[in-house]
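The values are calculated or read from the model by the stated rules, or taken from the named source; none is laboratory data. Note that the structure is predicted; figures quoted are calculated from it, not measured. Here the Cβ is made from the backbone with ideal geometry for all residues, glycine too, and neighbour counts use every protein chain on show. To get the accessible areas, we keep the full protein, side chains included, count just its heavy atoms, and leave off ligands, DNA and RNA. Shrake-Rupley method; radii C 1.70, N 1.55, O 1.52, S 1.80 Å.
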Amino acid sequence: MKTQYYAASSLDGFLADPNHSLDWLLQFGDIEETSYPDFIRDVGAIAMGSSTYEWILNHQNQPEGQTEQSWAYEQPVWVFTSRSLPSVEGADVRFVSGDVRPVHHQMTEVAGSKNIWIAGGGDLAGQFYDHGLLDELIIQVTSVTLGSGMPVLPRKITQPPLRLVSATTYGEAFAELRYEVPGKG
């Protein structure tokens, strides 16, 4: 079982543009043509920040004629937030705030032998890192630059540096970089 931060990033290190838009990423098409299908099969619990959660709620594709909100994940999701957010009927979404450590413990119990995915929010991934709870980063770097926006991981990590485990290309736009957190792998 690993706690993994899996995210897409612009070449210059941003998750989203200054307006929280992912239009730059969505132009690349089908996520099924990346490592995501294999990755998600091994996930037993998900953590995300409130901005990621709201983006998902506002941008999910609905089948034609369906008005009820569907949910993209079968796994339980912990949403870190300091405000009240709408829930999704039938989805296992748990709203939490504060220290990531007790929540990580809950997630570990629920995930069993499967992995924990830090799905969104570079700062949230950084909080898991700060407490020694992050094992691996899997970053899908794309062939665009944004100039500014939401950083992929707003932390200074220099000593010891992350350890590159692999680099894989997907099509003409993605390079997937896998890093182990020192002392964790």
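Under 7 Å between Cβ atoms, at least 6 apart or on separate chains: pull out the pairs that start in segment 40-53 with a residue that is in contact (Cβ under 8 Å) with a residue 12 or more places away in the chain and within 15 Å of MET1 (Cα to Cα) and end on any residue that is aliphatic (A, V, I, L, M) and open to solvent by 30 Å² or more (accessible area, probe 1.4 Å). Here the result reads GLY44/VAL110; ALA45/VAL110, each pair linking segment 40-53 to a residue that is aliphatic (A, V, I, L, M) and open to solvent by 30 Å² or more (accessible area, probe 1.4 Å). Of everything listed in (1) of a type outside the set (Lys, Arg); (2) at pLDDT 90 or above; (3) open to solvent by 70 Å² or more (accessible area, probe 1.4 Å); (4) part of a helix (DSSP H, G or I), the single unmet condition for ASN58 is (2). Among the criteria (1) over 16 Å from LYS2 (Cα atoms); (2) surrounded by fewer than 16 Cβ atoms within 10 Å (Cβ to Cβ); (3) touching a strand residue (DSSP E or B) at 6+ places or on another chain (Cβ under 7 Å), the one GLY112 does not fulfil is (1).
Among the conditions (1) more than 23 Å from THR34 (Cα to Cα); (2) within 19 Å of the chain's Cα centre (by Cα), PRO182 misses just one, which is (2).
Hey, can you tell me all the residues within segment 113-126 that are farther than 15 Å from LEU15 by Cβ and not β-branched (Val, Ile, Thr)? Scanning segment 113-126 gives SER113, LYS114, ASN115. Could you tell me whether ASP92 is open to solvent by less than 70 Å² (accessible area, probe 1.4 Å) and not β-branched (Val, Ile, Thr)? Answer is yes for this residue.
Mind listing whichever residues of segment 122-150 are part of a loop (DSSP other than H, G, I, E, B) and under 24 Å from THR168 (Cβ atoms)?
Of segment 122-150, the ones part of a loop (DSSP other than H, G, I, E, B) are 131-135, 143-149.
Within segment 122-150, LEU134, ASP135, SER143, VAL144, THR145, LEU146 meet the criteria.
Annotation for segment 78-87: no member residue is surrounded by 21 or more Cβ atoms within 10 Å (Cβ to Cβ) and assigned to a loop (DSSP other than H, G, I, E, B). Of all residues in segment 169-183, those satisfying the criterion of being surrounded by 13 or more Cβ atoms within 10 Å (Cβ to Cβ) and touching a residue at least 60 places away in the same chain (Cβ under 8 Å) are TYR170, ALA173, PHE174, GLU176. Scanning segment 91-121 for residues that are assigned to a helix (DSSP H, G or I) and in contact with a Pro (Cβ under 7 Å, 6 or more places away or on another chain) turns up just one, VAL110. Taking the criterion of being assigned to a loop (DSSP other than H, G, I, E, B) and free of Cβ contacts under 8 Å to residues at least 40 places away in the same chain, the residues of segment 1-26 that qualify are ASN19, SER21, LEU22.
Taken over segment 146-163, the criterion of being open to solvent by 70 Å² or more (accessible area, probe 1.4 Å) and touching a strand residue (DSSP E or B) at 6+ places or on another chain (Cβ under 6 Å) is satisfied by ARG163 alone.
Residues checked against (1) aromatic (Phe, Trp, Tyr); (2) within 20 Å of TRP117 (Cβ to Cβ); (3) open to solvent by less than 20 Å² (accessible area, probe 1.4 Å); (4) modelled with pLDDT of 95 or more:
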residue: TYR5; (1), (2), (3), (4): yes, yes, yes, yes
residue: SER9; (1), (2), (3), (4): no, yes, yes, yes
residue: ASP12; (1), (2), (3), (4): no, no, no, yes
residue: ASN19; (1), (2), (3), (4): no, no, no, no
residue: GLN27; (1), (2), (3), (4): no, no, no, no
residue: GLU32; (1), (2), (3), (4): no, yes, no, no
residue: TYR36; (1), (2), (3), (4): yes, yes, no, no
residue: VAL43; (1), (2), (3), (4): no, yes, yes, yes
residue: ILE46; (1), (2), (3), (4): no, yes, yes, yes
